[in-house]
Amino acid sequence: MVNDGPRNTQYAIYNPPLLRDGFFWLALALTIFALAPFLKPGYFWGANDARHHVYFLFEFDRLWQDGVWWPRWSPDFAFGYGYPFFNIYGPFSHFLAEILHYFAKFDFVESIEIVFGLSILASAGAMYGYVRSLAGRTAGLLAAVAYTYAPYHLLVLYVRANLAESMAFLWLPLCLWAFRACVRQPSFRSIFGAALAYAGLVLTSNLVWVLFTPLLMLYILALLLWPGRDEDREGIGSIVRRAFAPFTGAVAGLGLSAIFWLPMLLERQYVRVDQWFDGRYNFRDDFVYFFQFFSPYWDFGISLPGPVDTLGFQIGPVLLLFALLGGLTGWKLRFLRPEVAALAVAGVAGAALSWVPLAPLWDWPLLGSILQSAQFPWRWLPLAVVGFSVLAGLLLVNSHREPADAKLSMPVFVLLAVTILSSYPLLQVQTVPPAEGPVGLAALMRFERDADEMTGSTAWVKEIPTWSPMAEYYINLDKAGRPVTPVTSKVDYEAVDYSTIAVGSVAHSTVMEEVYFCTDPGDRPNICGPRDDRRIVFNHFYYPGWRAWLLDGQHGQPVQELPIIPESEGTLGRMTVPVPAVGEGFILLRYGDTPPRTVGQWISITTLLTLLGGVFFFRRKEM
């Protein structure tokens, strides 16, 4: 029993355990129409980010195959020069996909499609559970269906094909649910749930995390300052005490996810961000016109400047109407007013911040920097979707003055049917064959070249490359009909005159290379000899985390760390390692941790152990 209502009205909601709740399973079953397009043969290769996520997984798998279980470096991005992609991009969705690929042996495309499907099911279940706790089972059912079939949600799935953002739709209602429990029914269990939900959002999409956190703070503040009950408002001391649980949950969530966000924030300065916010990514070209919120237009292109766009950004008239009516219905119940107010602000703000007339706000000094973190104005629309979906569910809140035998009545059935049918024309994917060929290194190089994607560069790169020796190698192998296998060395044998210094790669993987060198002429003058330009140039962009050591023999232990210097010649900012003046030996170049990564790992481990210890302690206490 959850009793969040005013005491003098005896408003009570009786909810069975979630997994025994038939409406929960019905909410999941009703997602079948949203899942169906992913069950078609083929893959929607032409969707905006569909290829990206297949190749993100491809890189993830390359690193797992080399024993790197928390990937940060993507060795084949930027035509093989490498990029610290997973150091700055939430990895959770691709962790799930890699588990499916690595252990269950699904191929890359199947793994991505399954995670898309899981995101649909999980987000519907999360929204149902959250709204059920607010207003009962039929309200939860309508909210879950509205959330699933919100046009922008379908745009994210079928047209934008953004896996991380689609999975983020799971964590938004979970965060609202868990943090509400922290305020209304504080306990270790609610704090633990809030920590998991908030950490999940951070690890899934750092972009949605940044956009959603102000709404979450507003929501918690509304619950704290506006109890929504009939008794007098509480004093400041009581409010501070009730704030302890949500504050602890948020801090614990940040602690769990510190392995990602701490290096992401501190090392983001070492990548070139200008290429992701200028040119075709300039936010000034992507504001939404008012009519687009209601336009039925739906296509599979990319966002274009001006009102004639190839993307549909409609919020949906049915979702808006139900949200309006649900908000008015929920407002009549005093205990729901904090939720109604906060979520109405979220819905309106999420839409308004992408609207053309409010474009000047994006140039304000402080506010503008927050708004521009979305990259595109319409990326604020998930807030509108979550806010309006909850309000739409409240349209059925009055049906839950009855105890646990709520049934699927005709009015409820009609509302569900209207919600689904209003979005039914949008339930389609555009399946096309991969233009670059089967998933592999040659296809990845073609994709990077033809689409000018996945070519991120580090801060030391003066001019973004458009091709590389590695890309040429892969394409030539593919043209010759030979197996396209990874290069066996990233040493650039043309950058330095190696005629008087012997260099040869003896081991290579995605995150390391061991190189033999000889600078002592001795009795082998034809093999090696002294030279001033004693260095090895690697075809890797320079980035913190790469370290070089002089080894004690082949595959031996490090005996001396060598400096890594970004090359001053040219425009690529590659890594160069000075070779010891005289002698021969082996040098190991390896990608590893930095102080922010190490600190982040230990914070996450400590937080996890503390939470698990709390689970053990409170279970023992309850026994």
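The values are calculated or read from the model by the stated rules, or taken from the named source; none is laboratory data. As the structure is a computational prediction, the values presented were derived from the model and not from experiment. Cβ atoms come from the backbone with ideal geometry, glycine included; neighbour counts cover every protein chain shown.
Residues in the range 592-604 that are part of a helix (DSSP H, G or I) and in contact (Cβ under 8 Å) with a residue 12 or more places away in the chain: 7 in all.
Per-residue answers, yes or no, for (1) in contact with a helix residue (DSSP H, G or I) (Cβ under 7 Å, 6 or more places away or on another chain); (2) β-branched (Val, Ile, Thr); (3) not in a loop (DSSP other than H, G, I, E, B):
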residue: HIS540; (1), (2), (3): no, no, yes
residue: ARG547; (1), (2), (3): no, no, yes
residue: LEU550; (1), (2), (3): no, no, yes
residue: GLN554; (1), (2), (3): no, no, no
residue: GLU561; (1), (2), (3): no, no, yes
residue: SER568; (1), (2), (3): no, no, no
residue: THR576; (1), (2), (3): no, yes, yes
residue: PRO580; (1), (2), (3): no, no, no
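Here is a check on your reading of the model: is LEU63 touching a residue at least 40 places away in the same chain (Cβ under 8 Å), crowded, with 22+ Cβ neighbours inside 10 Å and under 27 Å from SER303 (Cα atoms)? Lay out the reasoning, then the answer.
Details: touching a residue at least 40 places away in the same chain (Cβ under 8 Å): yes; crowded, with 22+ Cβ neighbours inside 10 Å: yes; under 27 Å from SER303 (Cα atoms): no.
No, not satisfied.
Restricted to the range 335-393, and to residues there that are in contact with a helix residue (DSSP H, G or I) (Cβ under 8 Å, 6 or more places away or on another chain) and polar (S, T, N, Q), the residue that is modelled with the highest pLDDT is SER389. Restricting the search to helices (runs of 4 or more DSSP H) fully inside the range 158-239 and requiring at least 3 residues that are under 24 Å from VAL615 (Cα atoms) and aliphatic (A, V, I, L, M) gives 163-184, 188-204.
Selection of the range 79-106 for residues being free of Cβ contacts under 8 Å to residues at least 60 places away in the same chain and more than 20 Å from SER257 (Cα to Cα) yields LEU100, HIS101, TYR102, PHE103, ALA104, LYS105, PHE106. Pairing each residue of the range 347-364 that is under 27 Å from ALA143 (Cβ atoms) with any residue that is in a helix (DSSP H, G or I) and not hydrophobic (A, V, I, L, M, F, W, C), provided the two are 6+ apart or on different chains, yields C-beta distances under 6 Å for GLY347/GLY387; SER354/PRO377. Answer with yes or no whether ALA480 is touching a Leu at 6+ places or on another chain (Cβ under 8 Å), at pLDDT 95 or above and either of a type in the set (D, E, K, R) or over 20 Å from MET575 (Cα atoms) (or both). Here the answer is no, as ALA480 does not meet what is asked.
Would you check if there is a residue in the range 94-115 being assigned by TED's automatic domain parsing to the domain that holds GLY387, assigned to a loop (DSSP other than H, G, I, E, B), surrounded by fewer than 24 Cβ atoms within 10 Å (Cβ to Cβ) and among the hydroxyl-bearing types (Ser, Thr, Tyr)? No, there is no match, as no residue in the range 94-115 is assigned by TED's automatic domain parsing to the domain that holds GLY387, assigned to a loop (DSSP other than H, G, I, E, B), surrounded by fewer than 24 Cβ atoms within 10 Å (Cβ to Cβ) and among the hydroxyl-bearing types (Ser, Thr, Tyr). Exactly one residue out of ALA435, ALA417, ALA507 is surrounded by fewer than 16 Cβ atoms within 10 Å (Cβ to Cβ), outside the structural domain of GLY316 (by TED's automatic domain parsing), at pLDDT 95 or above and of a type in the set (Gly, Ala, Ser): that is ALA507.
Quick grid of which residues meet (1) aliphatic (A, V, I, L, M); (2) touching a helix residue (DSSP H, G or I) at 6+ places or on another chain (Cβ under 6 Å); (3) under 24 Å from LEU367 (Cβ atoms):
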| residue | (1), (2), (3) |
| --- | --- |
| ALA195 | yes, yes, no |
| THR204 | no, yes, no |
| LEU221 | yes, no, yes |
| VAL240 | yes, no, no |
| PHE244 | no, no, no |
| MET264 | yes, yes, yes |
| ARG272 | no, no, no |
| VAL288 | yes, yes, yes |
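Might you let me know whether the range 327-336 holds any residue that is farther than 16 Å from GLY393 by Cβ and either surrounded by 19 or more Cβ atoms within 10 Å (Cβ to Cβ) or of a type outside the set (Val, Ile, Thr) (or both)? Within the range 327-336, one or more residues are farther than 16 Å from GLY393 by Cβ and either surrounded by 19 or more Cβ atoms within 10 Å (Cβ to Cβ) or of a type outside the set (Val, Ile, Thr) (or both). Scanning the range 58-107 for residues that are within 17 Å of HIS508 (Cβ to Cβ) and among the polar types (S, T, N, Q) yields GLN65, SER74. Considering the range 1-33, the residues that are out of contact with any Leu (no Cβ under 7 Å at 6 or more places or on another chain), closer than 20 Å to GLY125 by Cβ and small (Gly, Ala, Ser) include one that is modelled with the highest pLDDT, namely ALA29.
Looking across the range 159-173 at every residue that is more than 13 Å from the chain's Cα centre (by Cα) and buried (at least 24 other Cβ atoms within 10 Å of the Cβ), the one that is modelled with the lowest pLDDT is identified as VAL159. For the range 608-623, what are the residues that are among the hydrophobic types (A, V, I, L, M, F, W, C) and more than 12 Å from ARG189 (Cα to Cα)? LEU608, LEU609, MET623, listed by residue number.
Residues checked against (1) at pLDDT 95 or above; (2) touching a Gly at 6+ places or on another chain (Cβ under 9 Å); (3) not in a strand (DSSP E or B):
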site: ARG449; (1), (2), (3): yes, no, yes
site: GLY456; (1), (2), (3): no, no, yes
site: VAL461; (1), (2), (3): yes, yes, yes
site: ALA471; (1), (2), (3): yes, yes, yes
site: ALA495; (1), (2), (3): no, yes, yes
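Residue under question is ILE587, and the condition is that it be of a type in the set (Val, Ile, Thr) and either under 33 Å from the mean Cα position of the chain (by Cα) or not in a strand (DSSP E or B) (or both); does it hold? When the stated conditions are applied, ILE587 does not pass them.
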